Each structure stands twice: as structure tokens, then as C-alpha cells.
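Remarks on the structure that follows.
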Amino acid sequence: MSRHSHPKITNTASANIPVQVVWSVLTILLAKCQTPQHIYAVRFFVGLTEASFYPGLQFLIGSWYRSDELAKRSCIFHASGNLAAMVSGYLMTGIFRLEGVNGFHAWQWLFIINTVFSLPIAIAGYFFIPDVPETTKAWYLTENEIALAKRRMLLEGRAPRAPYTKAKIKKIFSTWHIYLLSLVYVFYNNSNGYGGIPVFALWLQSKGYNKYDINTYPTIQFAITIVFTIFYAWTSDGLFKGRRWPPIVFVGVINIVFYISLAVWNIPDGWKWTIYILGLFGVGLSGIIHAWVSEICSRDNEERAFAIALLNVEGQVIQTWLPLLMWPVSEAPRSLKGYVACIFITAAMIVSVFIARHFQKRDLSKNASDEEETSDAAAH
């Protein structure tokens, strides 16, 4: 990544770094919880402090990069989360051996180690992660570099910050952007990766694998996900010339084949291994979708911020309860209901992507027509 690739939340959410420090402190407090009620309370505040992190970072990536760079940066950031999940699998396998060390259970050591990793990084972020180009005071960027970043976004058609007004809020809620793009993300979030349910681990458990294998084998999924995430980014920015819909449709079609196979269930174990290992290969589409949102909402900075925040909120809110209906533990590992539901949700994702593409083309055509009329009027 270039030296401009240190995105942070806009200045309206610049408290995100201190908030992540609070998140780290709350994480280690989980190691001292004695009752389920204590865990519920601390987890509530952990979720509250981490809520702005992912959408905030994705918003700011869209404040620094051009369309031919955007998917790469969005996907690299997203892939870092997959790498973290992969490392977590190995970490949990090793932490079992810490049971009873210094009077702590293995699960308590997990929270302690998480804090040891995250707290220094959260503090370092305050010094190394800049704000948006209009307000950044990053010590490692010169005035000329900041001016260049502003010009890049201006030439890209990425609107600068502006105040929220009644007219702006009305405009945001009168476009198709926030509604349809949120729907695309909800479908994506609840079809790719089995809605966050560890179906591979549950299948391994049903086959009699030990706890070390159950934690280790699924990490292969995250390694595959990282590779595909980078593949989507480079093909979307390069081969598809900035078009975001082809990778999403490609993943959707392959996922439908996988879900149909698992719904049938009576298939060779070798095919099941293949499906489960490749089962998270579409999770990396999050970076592609966020890049697409930034481009569709380029002409209004506040709409872009609102759209990114809203699609993450809706995606997560739906995912808190829908998997409970789709993937009841009592039906694992068969989970017919979940696989059949994913077939239809994935199909809905593909349809919504084509509808969004249609409206985007219409908007681009209208914007080009408006600019041509403005140029003609200025010439006369």
C-alpha cells in the first residue's frame, strides 16, 4: 500500500481510536467476569465500542483512493480480518494448554492475550492513522501530498464534506442508494459464510474430530478467503475496469451450487470437504460492496457516510437473529433449513445486484447529461 493508505474515521468520528483503546480494556475485563450477567453487560459495551470501526475505516478508504485503487484497498483491509480469524484458530488451539496457568482458565487467557495484542495497536493508531484529506494533520504527510490527495478526489468526483441540512437529509432518503445498497449487503451478509455459523466445525465435531482439529482445520477456510478477496479486488479494479458486480455474481452462482449440494447432503465426503474449505470464499465481497457504495454515492460525502453506516447496521442487525432461525443447533450438521434458505438469499443477492447496476447506469447517464447541459450553458 502507498503512504496514503492509512485511512481513519472522518473527523466527525475521530474519537474512534480512543474508543478502540476502551474496547481493548473492556476485552481484558471479560477475563474477570464471574457470571453470565457480567459477560452480557461487558459484551454490550464491547459491541458498542467496536461498532464504528469497520464502516468508519471503509468510509475513509473511500476518501483517499481513486476507483482504480479503491477495491484493492477496501479488500486488503477486509482480508486483514480474515487473517486475524485464521490466527485466532491457531491461538485457541494453543491456549488450551494454558488451562490453570497462574490460576487462569484457558478462556480467560484468550481475553488477556487479545488485549496484549490490541491495546498497543489502538494507541499507535492515534499517531499513525490520518483523518480525511480536508482535515488531516498527519505528521508524515507534507502539504503538497495533502493537496495532491484533495485534487485526486476532486478529479474522481468524490465530493468533499458539507454540513447536514434538512434538504440534504431529504435528498439522502429520496434516492434509491441507501435502500437498495443496504439490501444487497443484507443478502450478502446472510448468505456468504453461512451467516457466521461455524458449520464446518460442527460437521467435524459430528465426525468425531478432536477439539484441536476442530479449531485448526477451519483456518484453511480463512486462508482461501484471503486469496479470493485479493483476487476479487485486482480483477474488479483491473480486468473488469472498475465494475463491481461481476465478482458478486460469480460468487453467488458458485455458492448456489454449494448450497444445493449441502441441502442434498447425501454426497461424497470429499465433495463436502471441498465445499466447507471453500465455504467462506465469498466473504471478501464486503470490500467490493463498500467500494461500490463509495462510487455510487461519490457526489455527496454525507450520503456516502450514511449509506456505509446504514448497510453495516442493517447487515449486522439482521444477522443477530436470522441465523437463529436458519441454523438451529439441534439440526446441525444437516441444517437443511439453513442451506435451502441460503439458496434463495443468494439468488436474491444476485437479482438485487443487477437492479443496482441498472440504476447506477441510469444515474451515470443522467449525470453526464447534466454536465453536458452545464457546459453548453457556460459556453453561451
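Among the candidates 280, 311, the residue that is among the aliphatic types (A, V, I, L, M), buried (at least 16 other Cβ atoms within 10 Å of the Cβ) and part of a loop (DSSP other than H, G, I, E, B) is uniquely 280.
Do we find a residue being within 14 Å of the chain's Cα centre (by Cα) and of a type in the set (S, T, N, Q) anywhere in region 276-289? Yes - at least one qualifying residue is present in region 276-289.
Figure legend. Inter-residue proximity from region 35-54: first residues in contact (Cβ under 8 Å) with a residue 60 or more places away in the chain and assigned to a helix (DSSP H, G or I), second residues surrounded by 14 or more Cβ atoms within 10 Å (Cβ to Cβ) and not small (Gly, Ala, Ser), beta-carbon distance below 8 Å, spacing 6+ or different chains. Indicated pairs: 54/312. One residue stands out in region 69-78 among those that are surrounded by fewer than 24 Cβ atoms within 10 Å (Cβ to Cβ) and of a type outside the set (D, E, K, R): the one that is farthest from residue 234 (Cα to Cα), namely 77. Residues in region 16-66 that are over 30 Å from residue 133 (Cβ atoms), in contact with a His (Cβ under 9 Å, 6 or more places away or on another chain) and not aliphatic (A, V, I, L, M): how many? Final tally of qualifying residues: 1.
So in region 179-235, with the set limited to residues that are polar (S, T, N, Q) and more than 18 Å from the chain's Cα centre (by Cα), which one is surrounded by the most Cβ atoms within 10 Å (Cβ to Cβ)? Don't jump to the end; show me each part of the working.
Of all residues in region 179-235, those polar (S, T, N, Q) come to 182, 189-192, 205-206, 210, 215-216, 219, 221, 225, 229, 235.
Narrowing further to those that are more than 18 Å from the chain's Cα centre (by Cα): 205-206, 210, 215-216, 219, 235.
Working: 205: 16, 206: 11, 210: 10, 215: 21, 216: 16, 219: 18, 235: 16.
Checking each candidate, the answer is 215.
Return the residues of region 255-271 that are farther than 12 Å from residue 342 by Cα, out of contact with any helix residue (DSSP H, G or I) (no Cβ under 7 Å at 6 or more places or on another chain) and in a helix (DSSP H, G or I); say none if nothing qualifies. Across region 255-271, the qualifying residues are 264, 269, 270. Give region 197-221 a look and list any residue that's aromatic (Phe, Trp, Tyr) and modelled with pLDDT under 90, or say none. Listed by number, the list holds a single entry, 212.
Out of all the residues in region 252-283, which are among the hydrophobic types (A, V, I, L, M, F, W, C) and more than 16 Å from residue 228 (Cβ to Cβ)?
256, 260, 262, 263, 264, 265, 267, 271, 273
The values are calculated or read from the model by the stated rules, or taken from the named source; none is laboratory data. Quick caveat: nothing in here was measured; it's all calculated off a predicted structure. For neighbour counting, all protein chains shown are included, and Cβ atoms are generated from backbone atoms with ideal geometry for every residue, glycine included.
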